[in-house]
Amino acid sequence: MLDEKQYFLNGKINEECGVFGVFNVKDAAALTYFGLHALQHRGQEASGIATSNKKEIKCIKGKGLLTDTFNSQTLKQLKGVHAVGHVRYSTAGGNEIENVQPIMVRSHKGHFAISHNGNIVNAKELKEEMENNGSIFQGTSDTEVIGHLIQREREGTFEEKIIKAVQHLEGAFAFCVMRENCMYAVRDKNGLRPMSVAKVDDGWVVSSESCAFDIVNGKDEFDIEPGQIIKFDYDGIKKIQYTDKTQKKMCAMEYIYFSRPDSSIEGINVHTARRLSGRMLAKIDKEQGGIEADIVVGVPDSSLSAAIGYAEESGLPYELGLIKNRYVGRTFIQPTQKQRERGVRMKLSAVRDIVKGKRIMLIDDSIVRGTTSRRIIQLLKEAGASEVHVRIGSPAITHPCFYGVDTSSRKELISAKMDANEVCEFIQADSLKFLEIPEMMEAFETEDLCVACFNGKYPTDLYDLGEQLEEELANE
Ligand code: SF4
(Lines give C-alpha, C1' and ligand atoms only; values in the text may rest on other atoms or scores of the structure.)
Protein backbone atom coordinates (compact mmCIF):
# COMPACT_ATOMS: atom_id res chain seq x y z
CA MET A 1 0.00 0.00 0.00
CA LEU A 2 1.28 3.41 -0.91
CA ASP A 3 1.94 5.39 2.23
CA GLU A 4 1.95 9.14 2.41
CA LYS A 5 5.73 9.37 2.39
CA GLN A 6 6.08 7.23 -0.72
CA TYR A 7 3.28 9.07 -2.44
CA PHE A 8 4.83 12.43 -1.69
CA LEU A 9 8.21 11.21 -2.75
CA ASN A 10 7.02 9.93 -6.08
CA GLY A 11 3.58 11.38 -6.74
CA LYS A 12 3.01 8.54 -9.18
CA ILE A 13 2.77 4.78 -9.19
CA ASN A 14 6.05 3.03 -8.63
CA GLU A 15 7.55 -0.22 -9.60
CA GLU A 16 9.39 -2.51 -7.32
CA CYS A 17 12.78 -3.24 -8.74
CA GLY A 18 15.58 -3.38 -11.26
CA VAL A 19 17.79 -6.44 -11.73
CA PHE A 20 21.22 -6.66 -13.32
CA GLY A 21 23.42 -9.74 -13.69
CA VAL A 22 26.91 -10.40 -15.08
CA PHE A 23 28.44 -13.70 -16.07
CA ASN A 24 32.12 -14.12 -16.87
CA VAL A 25 33.18 -10.50 -17.36
CA LYS A 26 36.21 -8.96 -15.64
CA ASP A 27 35.41 -6.70 -12.69
CA ALA A 28 31.78 -7.79 -12.56
CA ALA A 29 31.03 -5.58 -9.53
CA ALA A 30 31.91 -2.35 -11.37
CA LEU A 31 29.93 -3.47 -14.41
CA THR A 32 26.94 -4.23 -12.19
CA TYR A 33 27.27 -0.85 -10.52
CA PHE A 34 27.08 0.88 -13.91
CA GLY A 35 24.18 -1.32 -14.98
CA LEU A 36 22.24 -0.60 -11.79
CA HIS A 37 22.96 3.08 -12.19
CA ALA A 38 21.05 2.98 -15.48
CA LEU A 39 18.19 1.17 -13.66
CA GLN A 40 18.05 3.49 -10.64
CA HIS A 41 14.70 4.93 -11.83
CA ARG A 42 13.14 1.51 -11.04
CA GLY A 43 13.91 1.75 -7.32
CA GLN A 44 15.65 4.16 -4.99
CA GLU A 45 15.03 2.71 -1.55
CA ALA A 46 17.80 0.12 -1.41
CA SER A 47 20.45 -1.53 -3.54
CA GLY A 48 22.83 -4.46 -3.42
CA ILE A 49 25.46 -6.37 -5.36
CA ALA A 50 26.66 -9.96 -4.86
CA THR A 51 29.76 -11.21 -6.67
CA SER A 52 31.41 -14.58 -7.15
CA ASN A 53 35.13 -15.15 -7.65
CA LYS A 54 34.28 -18.72 -8.75
CA LYS A 55 34.92 -20.01 -5.21
CA GLU A 56 32.77 -17.92 -2.91
CA ILE A 57 29.96 -15.36 -3.04
CA LYS A 58 30.17 -12.04 -1.27
CA CYS A 59 27.30 -9.58 -0.94
CA ILE A 60 27.05 -5.91 0.06
CA LYS A 61 23.74 -4.11 0.30
CA GLY A 62 22.20 -1.10 1.97
CA LYS A 63 19.32 1.32 2.04
CA GLY A 64 19.03 4.35 -0.20
CA LEU A 65 20.42 5.11 -3.63
CA LEU A 66 23.19 3.10 -5.21
CA THR A 67 25.66 5.87 -4.35
CA ASP A 68 24.61 5.70 -0.66
CA THR A 69 25.97 2.14 -0.44
CA PHE A 70 28.63 1.83 -3.13
CA ASN A 71 31.85 3.70 -3.79
CA SER A 72 35.27 2.69 -5.09
CA GLN A 73 36.17 1.20 -1.69
CA THR A 74 33.06 -0.98 -1.33
CA LEU A 75 33.29 -2.10 -4.95
CA LYS A 76 36.93 -3.18 -4.41
CA GLN A 77 35.71 -5.62 -1.75
CA LEU A 78 33.47 -7.32 -4.30
CA LYS A 79 35.88 -9.36 -6.36
CA GLY A 80 34.92 -11.72 -9.15
CA VAL A 81 33.72 -12.24 -12.69
CA HIS A 82 30.08 -13.03 -11.92
CA ALA A 83 27.57 -10.74 -10.17
CA VAL A 84 23.91 -10.09 -9.52
CA GLY A 85 22.66 -6.69 -8.44
CA HIS A 86 19.42 -5.06 -7.48
CA VAL A 87 17.76 -1.68 -6.97
CA ARG A 88 14.62 -1.79 -4.88
CA TYR A 89 11.44 0.14 -4.41
CA SER A 90 9.85 -1.51 -1.40
CA THR A 91 6.24 -2.52 -1.79
CA ALA A 92 5.96 -6.27 -1.12
CA GLY A 93 7.67 -6.95 2.16
CA GLY A 94 8.52 -3.42 3.35
CA ASN A 95 11.91 -1.77 3.44
CA GLU A 96 13.63 -3.60 6.29
CA ILE A 97 17.26 -4.50 5.58
CA GLU A 98 16.35 -8.24 5.58
CA ASN A 99 14.31 -7.61 2.44
CA VAL A 100 17.05 -5.75 0.58
CA GLN A 101 18.36 -7.80 -2.33
CA PRO A 102 20.23 -9.78 -3.53
CA ILE A 103 18.90 -12.35 -1.05
CA MET A 104 21.67 -14.77 -0.04
CA VAL A 105 20.85 -18.43 0.53
CA ARG A 106 23.64 -20.30 2.34
CA SER A 107 23.46 -24.03 3.00
CA HIS A 108 25.63 -27.13 3.15
CA LYS A 109 24.51 -27.90 -0.43
CA GLY A 110 25.98 -24.63 -1.72
CA HIS A 111 25.31 -20.93 -1.72
CA PHE A 112 23.39 -18.74 -4.13
CA ALA A 113 22.21 -15.14 -4.50
CA ILE A 114 18.88 -14.02 -5.99
CA SER A 115 17.77 -10.66 -7.42
CA HIS A 116 14.10 -10.46 -8.33
CA ASN A 117 11.71 -8.01 -9.99
CA GLY A 118 7.95 -8.48 -9.80
CA ASN A 119 5.49 -9.94 -7.32
CA ILE A 120 4.59 -13.55 -6.60
CA VAL A 121 0.83 -13.58 -6.08
CA ASN A 122 0.79 -16.93 -4.26
CA ALA A 123 3.78 -16.06 -2.02
CA LYS A 124 1.63 -16.05 1.12
CA GLU A 125 0.25 -19.54 0.47
CA LEU A 126 3.70 -20.92 -0.40
CA LYS A 127 5.26 -19.33 2.65
CA GLU A 128 2.62 -20.71 5.01
CA GLU A 129 3.08 -24.19 3.57
CA MET A 130 6.87 -24.02 3.92
CA GLU A 131 6.69 -22.59 7.45
CA ASN A 132 4.38 -25.43 8.42
CA ASN A 133 7.10 -27.78 7.17
CA GLY A 134 9.79 -26.12 9.25
CA SER A 135 11.22 -23.37 6.99
CA ILE A 136 12.33 -20.19 8.74
CA PHE A 137 12.19 -16.88 6.86
CA GLN A 138 14.52 -13.96 7.65
CA GLY A 139 12.43 -11.22 6.07
CA THR A 140 9.02 -10.76 4.49
CA SER A 141 9.85 -10.39 0.79
CA ASP A 142 8.57 -12.87 -1.77
CA THR A 143 12.12 -13.27 -3.14
CA GLU A 144 12.99 -15.33 -0.08
CA VAL A 145 10.13 -17.64 -1.04
CA ILE A 146 11.87 -18.31 -4.37
CA GLY A 147 15.10 -19.11 -2.49
CA HIS A 148 13.34 -21.56 -0.18
CA LEU A 149 11.54 -23.23 -3.08
CA ILE A 150 14.85 -23.90 -4.83
CA GLN A 151 16.55 -24.94 -1.62
CA ARG A 152 13.89 -27.37 -0.44
CA GLU A 153 14.19 -29.62 -3.52
CA ARG A 154 16.22 -32.60 -2.30
CA GLU A 155 16.89 -34.34 -5.61
CA GLY A 156 18.48 -33.30 -8.89
CA THR A 157 20.94 -30.77 -10.23
CA PHE A 158 20.66 -27.08 -9.40
CA GLU A 159 19.14 -26.52 -12.85
CA GLU A 160 16.47 -29.16 -12.17
CA LYS A 161 15.75 -27.60 -8.77
CA ILE A 162 15.12 -24.19 -10.37
CA ILE A 163 12.86 -25.77 -13.01
CA LYS A 164 10.84 -27.52 -10.26
CA ALA A 165 10.72 -24.40 -8.09
CA VAL A 166 9.34 -22.08 -10.80
CA GLN A 167 6.45 -24.48 -11.48
CA HIS A 168 5.04 -23.45 -8.08
CA LEU A 169 5.25 -19.70 -8.68
CA GLU A 170 2.32 -17.64 -9.91
CA GLY A 171 2.46 -13.96 -10.76
CA ALA A 172 5.10 -11.65 -12.16
CA PHE A 173 8.73 -12.54 -11.87
CA ALA A 174 11.96 -11.88 -13.67
CA PHE A 175 14.91 -12.95 -11.56
CA CYS A 176 18.60 -13.85 -11.63
CA VAL A 177 20.12 -16.62 -9.52
CA MET A 178 23.90 -16.79 -9.20
CA ARG A 179 25.96 -19.67 -7.87
CA GLU A 180 29.75 -19.69 -7.59
CA ASN A 181 30.17 -20.94 -11.18
CA CYS A 182 26.95 -20.36 -13.05
CA MET A 183 23.99 -18.01 -13.34
CA TYR A 184 20.33 -18.40 -14.33
CA ALA A 185 17.89 -15.72 -15.56
CA VAL A 186 14.20 -16.61 -15.35
CA ARG A 187 10.97 -15.01 -16.64
CA ASP A 188 7.41 -15.87 -15.69
CA LYS A 189 5.14 -17.65 -18.15
CA ASN A 190 3.11 -14.48 -18.90
CA GLY A 191 6.18 -12.32 -19.50
CA LEU A 192 4.79 -9.61 -17.23
CA ARG A 193 8.15 -8.02 -16.37
CA PRO A 194 10.89 -7.36 -18.90
CA MET A 195 14.30 -9.00 -18.86
CA SER A 196 16.93 -9.02 -21.59
CA VAL A 197 20.36 -10.48 -22.23
CA ALA A 198 23.39 -9.05 -24.05
CA LYS A 199 26.91 -10.17 -24.87
CA VAL A 200 29.88 -8.39 -23.29
CA ASP A 201 33.37 -9.58 -24.36
CA ASP A 202 33.46 -13.34 -23.61
CA GLY A 203 30.61 -13.13 -21.12
CA TRP A 204 27.02 -12.02 -20.72
CA VAL A 205 24.91 -9.43 -18.94
CA VAL A 206 21.24 -9.60 -17.96
CA SER A 207 19.11 -6.54 -17.28
CA SER A 208 15.55 -5.53 -16.44
CA GLU A 209 15.87 -2.91 -19.16
CA SER A 210 17.98 -2.70 -22.26
CA CYS A 211 19.01 0.91 -21.48
CA ALA A 212 21.62 -0.57 -19.11
CA PHE A 213 23.38 -2.39 -21.97
CA ASP A 214 24.70 0.78 -23.59
CA ILE A 215 26.74 1.80 -20.57
CA VAL A 216 28.43 -1.64 -20.36
CA ASN A 217 28.86 -1.96 -24.11
CA GLY A 218 26.43 -4.89 -24.42
CA LYS A 219 25.87 -6.31 -27.91
CA ASP A 220 23.54 -8.78 -29.66
CA GLU A 221 20.79 -8.27 -27.11
CA PHE A 222 17.66 -10.38 -26.94
CA ASP A 223 14.62 -10.69 -24.65
CA ILE A 224 14.17 -13.76 -22.47
CA GLU A 225 10.91 -15.38 -23.58
CA PRO A 226 7.95 -15.94 -21.23
CA GLY A 227 8.39 -19.27 -19.42
CA GLN A 228 12.09 -19.40 -20.25
CA ILE A 229 15.25 -19.87 -18.21
CA ILE A 230 18.64 -18.90 -19.59
CA LYS A 231 21.52 -20.79 -18.03
CA PHE A 232 24.97 -19.20 -18.19
CA ASP A 233 28.06 -21.32 -17.58
CA TYR A 234 31.50 -21.80 -19.14
CA ASP A 235 29.99 -23.80 -22.02
CA GLY A 236 28.01 -20.72 -23.10
CA ILE A 237 24.29 -20.18 -22.72
CA LYS A 238 21.48 -22.70 -22.71
CA LYS A 239 17.81 -21.82 -23.25
CA ILE A 240 15.38 -23.92 -21.22
CA GLN A 241 11.63 -23.60 -21.81
CA TYR A 242 10.18 -24.65 -18.45
CA THR A 243 6.54 -24.50 -19.60
CA ASP A 244 4.69 -24.22 -22.90
CA LYS A 245 1.62 -22.67 -21.23
CA THR A 246 2.85 -19.18 -22.05
CA GLN A 247 1.36 -15.92 -23.23
CA LYS A 248 2.80 -12.48 -23.88
CA LYS A 249 1.37 -10.08 -21.33
CA MET A 250 4.03 -7.43 -20.91
CA CYS A 251 2.98 -4.79 -18.37
CA ALA A 252 1.58 -1.88 -20.41
CA MET A 253 2.86 0.53 -17.74
CA GLU A 254 6.43 -0.38 -18.70
CA TYR A 255 5.82 1.40 -22.01
CA ILE A 256 3.63 4.14 -20.54
CA TYR A 257 5.63 5.16 -17.50
CA PHE A 258 8.19 2.87 -15.82
CA SER A 259 10.87 2.18 -18.37
CA ARG A 260 13.44 4.62 -19.63
CA PRO A 261 12.73 6.02 -23.11
CA ASP A 262 16.01 4.62 -24.41
CA SER A 263 14.99 1.04 -23.50
CA SER A 264 13.41 -1.35 -25.97
CA ILE A 265 10.95 -3.95 -24.73
CA GLU A 266 9.88 -6.87 -26.92
CA GLY A 267 11.38 -5.04 -29.89
CA ILE A 268 9.52 -1.77 -29.25
CA ASN A 269 11.45 1.35 -28.26
CA VAL A 270 9.79 3.00 -25.25
CA HIS A 271 10.22 6.58 -26.52
CA THR A 272 8.66 5.58 -29.86
CA ALA A 273 5.69 3.89 -28.14
CA ARG A 274 5.04 6.99 -26.01
CA ARG A 275 5.41 9.31 -28.98
CA LEU A 276 2.90 7.22 -30.93
CA SER A 277 0.49 7.38 -27.97
CA GLY A 278 0.77 11.20 -28.12
CA ARG A 279 0.12 11.14 -31.86
CA MET A 280 -2.94 8.95 -31.23
CA LEU A 281 -4.29 11.44 -28.67
CA ALA A 282 -3.95 14.30 -31.17
CA LYS A 283 -5.51 12.23 -33.97
CA ILE A 284 -8.54 11.53 -31.78
CA ASP A 285 -8.81 15.23 -30.83
CA LYS A 286 -8.72 16.20 -34.53
CA GLU A 287 -11.40 13.63 -35.39
CA GLN A 288 -13.58 14.80 -32.52
CA GLY A 289 -13.75 18.44 -33.48
CA GLY A 290 -10.31 20.02 -33.41
CA ILE A 291 -7.84 21.28 -30.87
CA GLU A 292 -8.34 24.56 -29.06
CA ALA A 293 -4.86 25.20 -27.64
CA ASP A 294 -1.77 27.32 -28.30
CA ILE A 295 1.06 25.11 -27.05
CA VAL A 296 1.75 21.49 -26.05
CA VAL A 297 3.45 20.87 -22.69
CA GLY A 298 4.53 17.49 -21.32
CA VAL A 299 4.86 16.64 -17.63
CA PRO A 300 8.56 15.86 -17.13
CA ASP A 301 10.08 13.35 -17.63
CA SER A 302 8.00 10.35 -18.63
CA SER A 303 5.41 12.34 -20.63
CA LEU A 304 7.79 14.32 -22.81
CA SER A 305 7.87 11.69 -25.57
CA ALA A 306 4.04 11.63 -25.76
CA ALA A 307 3.98 15.45 -25.79
CA ILE A 308 6.40 15.46 -28.74
CA GLY A 309 4.05 13.04 -30.55
CA TYR A 310 1.01 15.19 -29.80
CA ALA A 311 2.78 18.30 -31.11
CA GLU A 312 3.86 16.50 -34.30
CA GLU A 313 0.37 15.26 -35.10
CA SER A 314 -1.49 18.43 -34.09
CA GLY A 315 0.94 20.93 -35.62
CA LEU A 316 0.99 22.90 -32.35
CA PRO A 317 4.36 24.07 -30.96
CA TYR A 318 5.93 21.87 -28.30
CA GLU A 319 7.08 24.00 -25.39
CA LEU A 320 8.94 23.56 -22.12
CA GLY A 321 6.20 24.88 -19.90
CA LEU A 322 7.23 22.78 -16.91
CA ILE A 323 10.73 22.27 -15.57
CA LYS A 324 11.75 19.52 -13.19
CA ASN A 325 14.22 20.37 -10.47
CA ARG A 326 16.55 17.38 -10.46
CA TYR A 327 18.24 18.25 -7.20
CA VAL A 328 15.36 17.93 -4.73
CA GLY A 329 16.90 15.77 -2.05
CA ARG A 330 15.21 12.58 -0.95
CA THR A 331 15.42 13.93 2.60
CA PHE A 332 12.83 16.57 1.77
CA ILE A 333 9.98 14.50 3.17
CA GLN A 334 7.74 16.62 5.31
CA PRO A 335 4.77 15.53 7.34
CA THR A 336 2.23 18.30 6.84
CA GLN A 337 0.01 18.97 3.83
CA LYS A 338 1.41 22.48 3.44
CA GLN A 339 4.97 21.23 3.45
CA ARG A 340 4.10 18.49 0.96
CA GLU A 341 2.56 21.03 -1.40
CA ARG A 342 5.70 23.11 -1.17
CA GLY A 343 7.56 19.90 -2.04
CA VAL A 344 5.66 19.55 -5.33
CA ARG A 345 6.54 23.16 -6.11
CA MET A 346 10.19 22.34 -5.45
CA LYS A 347 10.04 19.35 -7.80
CA LEU A 348 8.25 21.11 -10.66
CA SER A 349 8.14 24.72 -11.80
CA ALA A 350 5.95 26.33 -14.43
CA VAL A 351 7.85 28.56 -16.86
CA ARG A 352 5.90 31.79 -16.50
CA ASP A 353 7.15 33.46 -19.71
CA ILE A 354 6.13 30.41 -21.75
CA VAL A 355 2.71 29.65 -20.26
CA LYS A 356 1.37 33.13 -19.45
CA GLY A 357 -1.81 33.88 -21.40
CA LYS A 358 -1.60 30.55 -23.27
CA ARG A 359 -4.14 27.78 -23.76
CA ILE A 360 -2.13 24.70 -22.81
CA MET A 361 -2.51 21.14 -24.00
CA LEU A 362 -0.93 19.29 -21.08
CA ILE A 363 0.18 15.73 -21.82
CA ASP A 364 0.65 13.29 -18.94
CA ASP A 365 1.16 9.53 -18.92
CA SER A 366 -1.36 8.52 -16.26
CA ILE A 367 -3.56 9.70 -13.39
CA VAL A 368 -3.45 7.77 -10.13
CA ARG A 369 -4.98 9.75 -7.26
CA GLY A 370 -5.48 12.95 -9.21
CA THR A 371 -3.86 15.13 -6.57
CA THR A 372 -0.57 15.52 -8.47
CA SER A 373 -2.42 16.47 -11.69
CA ARG A 374 -4.47 19.02 -9.75
CA ARG A 375 -1.33 20.62 -8.30
CA ILE A 376 0.38 20.78 -11.70
CA ILE A 377 -2.67 22.46 -13.25
CA GLN A 378 -2.75 24.87 -10.32
CA LEU A 379 0.95 25.67 -10.90
CA LEU A 380 0.30 26.40 -14.59
CA LYS A 381 -2.74 28.57 -13.88
CA GLU A 382 -0.93 30.52 -11.16
CA ALA A 383 1.82 31.15 -13.72
CA GLY A 384 -0.80 32.71 -16.02
CA ALA A 385 -2.05 29.88 -18.26
CA SER A 386 -5.50 30.84 -19.51
CA GLU A 387 -6.70 27.24 -20.05
CA VAL A 388 -5.23 23.82 -19.26
CA HIS A 389 -6.55 20.87 -21.28
CA VAL A 390 -5.26 17.47 -20.17
CA ARG A 391 -4.64 14.42 -22.37
CA ILE A 392 -3.48 11.14 -20.82
CA GLY A 393 -1.38 8.70 -22.86
CA SER A 394 -3.00 5.66 -21.24
CA PRO A 395 -6.49 4.44 -20.26
CA ALA A 396 -7.97 5.38 -16.88
CA ILE A 397 -6.51 3.23 -14.06
CA THR A 398 -9.49 1.57 -12.40
CA HIS A 399 -7.99 -1.54 -10.80
CA PRO A 400 -5.06 -2.29 -8.52
CA CYS A 401 -1.92 -4.05 -9.70
CA PHE A 402 -0.76 -7.22 -7.95
CA TYR A 403 2.32 -7.73 -10.08
CA GLY A 404 4.89 -5.55 -8.35
CA VAL A 405 3.43 -2.06 -8.66
CA ASP A 406 2.38 -0.10 -5.60
CA THR A 407 -1.33 0.30 -6.30
CA SER A 408 -2.72 -2.48 -4.16
CA SER A 409 -6.13 -0.95 -3.45
CA ARG A 410 -8.89 0.65 -5.53
CA LYS A 411 -9.26 3.27 -2.80
CA GLU A 412 -6.10 4.98 -4.09
CA LEU A 413 -7.36 5.24 -7.66
CA ILE A 414 -9.45 8.25 -8.60
CA SER A 415 -10.77 6.60 -11.79
CA ALA A 416 -12.10 3.68 -9.75
CA LYS A 417 -14.58 6.12 -8.19
CA MET A 418 -15.10 8.84 -10.81
CA ASP A 419 -15.72 9.01 -14.55
CA ALA A 420 -13.57 11.22 -16.81
CA ASN A 421 -15.86 14.27 -16.38
CA GLU A 422 -15.68 14.02 -12.59
CA VAL A 423 -11.91 13.53 -12.66
CA CYS A 424 -11.67 16.58 -14.95
CA GLU A 425 -13.59 18.62 -12.40
CA PHE A 426 -11.48 17.30 -9.51
CA ILE A 427 -8.16 18.16 -11.14
CA GLN A 428 -9.64 21.52 -12.28
CA ALA A 429 -8.75 21.00 -15.94
CA ASP A 430 -10.62 22.67 -18.80
CA SER A 431 -10.98 19.30 -20.53
CA LEU A 432 -9.68 15.76 -20.02
CA LYS A 433 -9.35 12.71 -22.25
CA PHE A 434 -7.75 9.29 -21.72
CA LEU A 435 -6.73 6.81 -24.41
CA GLU A 436 -9.01 3.76 -24.60
CA ILE A 437 -7.37 0.31 -24.42
CA PRO A 438 -7.75 -0.46 -28.20
CA GLU A 439 -6.39 3.02 -29.07
CA MET A 440 -3.36 2.45 -26.83
CA MET A 441 -2.75 -0.99 -28.38
CA GLU A 442 -3.03 0.51 -31.87
CA ALA A 443 -0.57 3.25 -30.92
CA PHE A 444 1.94 0.80 -29.39
CA GLU A 445 1.41 -1.56 -32.35
CA THR A 446 0.99 -4.54 -30.05
CA GLU A 447 -1.79 -6.39 -28.27
CA ASP A 448 0.66 -8.49 -26.23
CA LEU A 449 0.02 -6.47 -23.10
CA CYS A 450 -1.27 -6.80 -19.57
CA VAL A 451 -3.97 -4.16 -19.20
CA ALA A 452 -5.45 -5.45 -15.93
CA CYS A 453 -5.21 -2.11 -14.12
CA PHE A 454 -7.40 -0.61 -16.87
CA ASN A 455 -10.01 -3.37 -17.16
CA GLY A 456 -9.64 -5.72 -14.17
CA LYS A 457 -8.84 -8.74 -16.39
CA TYR A 458 -5.83 -10.22 -14.61
CA PRO A 459 -3.75 -12.68 -16.62
CA THR A 460 -3.14 -14.94 -13.59
CA ASP A 461 -5.06 -16.39 -10.69
CA LEU A 462 -4.80 -13.94 -7.78
CA TYR A 463 -5.18 -16.33 -4.82
CA ASP A 464 -6.04 -14.48 -1.60
CA LEU A 465 -5.30 -11.12 -3.28
CA GLY A 466 -8.32 -11.82 -5.51
CA GLU A 467 -10.46 -12.37 -2.42
CA GLN A 468 -9.27 -9.03 -1.02
CA LEU A 469 -10.23 -7.33 -4.29
CA GLU A 470 -13.66 -8.98 -4.34
CA GLU A 471 -14.23 -7.83 -0.77
CA GLU A 472 -13.23 -4.29 -1.71
CA LEU A 473 -15.56 -4.32 -4.73
CA ALA A 474 -18.42 -5.64 -2.57
CA ASN A 475 -17.89 -2.82 -0.07
CA GLU A 476 -17.90 -0.04 -2.67
S1 SF4 B 1 -1.95 -4.53 -13.76
FE2 SF4 B 1 -1.21 -2.66 -14.79
S3 SF4 B 1 0.66 -2.07 -13.72
FE4 SF4 B 1 0.19 -4.20 -13.14
S5 SF4 B 1 1.33 -5.48 -14.57
FE6 SF4 B 1 -0.69 -5.22 -15.46
S7 SF4 B 1 -0.49 -3.38 -16.76
FE8 SF4 B 1 1.26 -3.42 -15.39
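Looking across Asp244, Asp142, one residue alone is of a type in the set (Asp, Glu) and modelled with pLDDT of 95 or more. It is Asp244.
In the same structural domain as Gly370 (by TED's automatic domain parsing), open to solvent by 40 Å² or more (accessible area, probe 1.4 Å) and within 12 Å of the ligand (Cβ to nearest atom): does that describe Lys417? Here the answer is no, as Lys417 does not meet what is asked. Among the residues of the range 206-235, those that are in contact with a Ser or Thr (Cβ under 7 Å, 6 or more places away or on another chain), closer than 21 Å to His41 by Cβ and open to solvent by 20 Å² or more (accessible area, probe 1.4 Å) comprise Glu221, Asp223. Summed over the range 247-290, the residues that are over 24 Å from Trp204 (Cα atoms), out of contact with any Leu (no Cβ under 7 Å at 6 or more places or on another chain) and more than 16 Å from the ligand (Cβ to nearest atom) give a count of 15. The single condition from (1) open to solvent by 50 Å² or more (accessible area, probe 1.4 Å); (2) in a loop (DSSP other than H, G, I, E, B) that Lys283 fails is (2).
Residue by residue, here is whether (1) within 30 Å of Val351 (Cα to Cα); (2) at pLDDT below 95; (3) assigned by TED's automatic domain parsing to the domain that holds Gly171 holds:
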site: Pro395; (1), (2), (3): yes, no, no
site: Arg410; (1), (2), (3): no, yes, no
site: Glu425; (1), (2), (3): yes, no, no
site: Ser431; (1), (2), (3): yes, no, no
site: Val451; (1), (2), (3): no, no, no
site: Pro459; (1), (2), (3): no, no, no
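Tell me which residues, restricted to the range 235-280, are acidic (Asp, Glu) and either part of a helix (DSSP H, G or I) or under 12 Å from the mean Cα position of the chain (by Cα) (or both). Correct list: Glu254 only. Restricting attention to the range 371-401 and to residues that are open to solvent by 10 Å² or more (accessible area, probe 1.4 Å), hydrophobic (A, V, I, L, M, F, W, C) and within 16 Å of the ligand (Cβ to nearest atom), the residue that is nearest to Met250 (Cα to Cα) turns out to be Cys401. Would the range 237-245 turn up any residue that is open to solvent by less than 50 Å² (accessible area, probe 1.4 Å) and under 30 Å from Ser394 (Cα atoms)? No, because not a single residue in the range 237-245 is open to solvent by less than 50 Å² (accessible area, probe 1.4 Å) and under 30 Å from Ser394 (Cα atoms).
May I ask you to list the residues in the range 421-441 that are open to solvent by 20 Å² or more (accessible area, probe 1.4 Å) and either closer than 14 Å to Cys251 by Cα or of a type in the set (S, T, N, Q) (or both)? Answer for the range 421-441, where residues must be open to solvent by 20 Å² or more (accessible area, probe 1.4 Å) and either closer than 14 Å to Cys251 by Cα or of a type in the set (S, T, N, Q) (or both): Asn421, Gln428, Ser431, Ile437, Met441.
The requirement of being among the hydrophobic types (A, V, I, L, M, F, W, C), away from the ligand (no atom under 13 Å from the Cβ) and in contact (Cβ under 8 Å) with a residue 12 or more places away in the chain is satisfied by Ala429. Candidates are the residues of the range 442-474 that are among the polar types (S, T, N, Q) and open to solvent by 30 Å² or more (accessible area, probe 1.4 Å); the one that is farthest from the ligand (Cβ to nearest atom) is Gln468. Each residue in the range 259-279 was checked for being farther than 26 Å from Asp353 by Cβ and open to solvent by less than 20 Å² (accessible area, probe 1.4 Å), and 7 of them qualify. Of all the residues in the range 420-447, those that are in contact with a helix residue (DSSP H, G or I) (Cβ under 7 Å, 6 or more places away or on another chain) and polar (S, T, N, Q) number 2.
Residue pairs whose Cβ atoms lie under 9 Å apart, sitting 6 or more positions apart in sequence or on different chains, and linking a residue in the range 240-263 that is β-branched (Val, Ile, Thr) to a partner that is open to solvent by 60 Å² or more (accessible area, probe 1.4 Å), are Thr243/Gln167; Thr243/Lys189; Thr246/Lys189; Thr246/Glu225. If you go through the range 402-414 and pick out every residue that is of a type in the set (Val, Ile, Thr) and more than 11 Å from the ligand (Cβ to nearest atom), you end up with 1.
The values are calculated or read from the model by the stated rules, or taken from the named source; none is laboratory data. Since this is a predicted model, take the numbers as computed values, not measurements. Neighbour counts run over all protein chains shown; Cβ positions are idealised from the backbone, glycine included. These accessible areas exclude ligands, DNA and RNA; they are computed on the full protein's heavy atoms, side chains included. Shrake-Rupley method; radii C 1.70, N 1.55, O 1.52, S 1.80 Å.
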